[in-house]
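All remarks here apply to the structure that follows.
The values are calculated or read from the model by the stated rules, or taken from the named source; none is laboratory data. None of these values were measured; they are calculated from a predicted model. Note that we place each Cβ from the backbone using ideal geometry, even for glycine, and neighbour counts take in every protein chain shown. SASA here: full protein model, heavy atoms, side chains in, ligands and nucleic acids out. Shrake-Rupley method; radii C 1.70, N 1.55, O 1.52, S 1.80 Å.
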Amino acid sequence: PARVKMAFLAAEDDAFFEHDGFDIVAIARAHLSNRSAGRVVQGGSTITQQLAKRFLSSERTYARKLTELALARRIERTWSKEEILTAYLNEIYLGAGAHGVAAGAEIYFDRKISEMTWGQATLLAGVTTSPTALNPYRHPEKALARRQRILGRLVHLGVLEATRAQSIAGEP
């Protein structure tokens with residue numbers, strides 16, 4: 001559903017339909033934030049890069065990152081944006097044993113993906129950055145705070161009106 005796609009795009013890569021596999025501004029922003037913090041505090045990967053990463057090792061090296069960028073560009077030339085987004089949403093790990101958004105909807109909400117509300121979609125999208133730390137069963141306050149940030153992004157992007165986002169934020 002559109003609300004699920006939009007929630008994940010707002011959470012992970014709101015410029016997804018504008019870039020060719022990587023977002024140089026996001027990479028630079030993440031690099032500066034991480035350098036200033038002295039550790040990794042922000043990622044700059046696009047959805048396509050995250051999908052490409054699944055085919056590579058998990059090592060954190062510049063060589064692996066360059067390979068990821070090259071693979072992301074190749075994916076963008078081969079697949080449509082819808083195919084990339086579908087593959088990402090079907091494979092992303094969301095904690096609690098959920099691989100893919102449909103499994104996440106079932107595990108977290110006992111619903112089909114088509115039945116998810118905006119509140120559920122944004123909560124699930126928020127789990128992506130840290131499935132353990134943002135698990136709504138174990139850390140409901142953190143999960144709700146992350147959902148709140150995503151609702152704010154949806155308002156900023158013009159997807160939701162502020163009053164609608166406030167109403168959603170009040171949902172359990």
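The table below lists the values:
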{"read-out": "Selection count where residues are without any contact (Cβ under 8 Å) to a residue 40 or more places away in the chain and either among the β-branched types (Val, Ile, Thr) or more than 12 Å from Ala169 (Cα to Cα) (or both), scope the range 114-140", "value": "11"}
{"read-out": "Qualifying residue in the range 106-113 (condition: over 11 Å from Ala7 (Cα atoms), open to solvent by 40 Å² or more (accessible area, probe 1.4 Å) and touching a residue at least 40 places away in the same chain (Cβ under 8 Å))", "value": "yes"}
{"read-out": "Candidates Thr86, Thr48 - the one that is open to solvent by 20 Å² or more (accessible area, probe 1.4 Å), of a type in the set (S, T, N, Q) and within 18 Å of the chain's Cα centre (by Cα)", "value": "Thr86"}
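Okay, residues lined up against (1) surrounded by fewer than 13 Cβ atoms within 10 Å (Cβ to Cβ); (2) outside any helix (DSSP H, G or I); (3) hydrophobic (A, V, I, L, M, F, W, C):
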| residue | (1), (2), (3) |
| --- | --- |
| Pro131 | no, yes, no |
| Leu134 | no, yes, yes |
| Lys142 | no, no, no |
| Leu151 | no, no, yes |
| Leu160 | no, yes, yes |
| Ile168 | no, no, yes |
| Glu171 | no, yes, no |
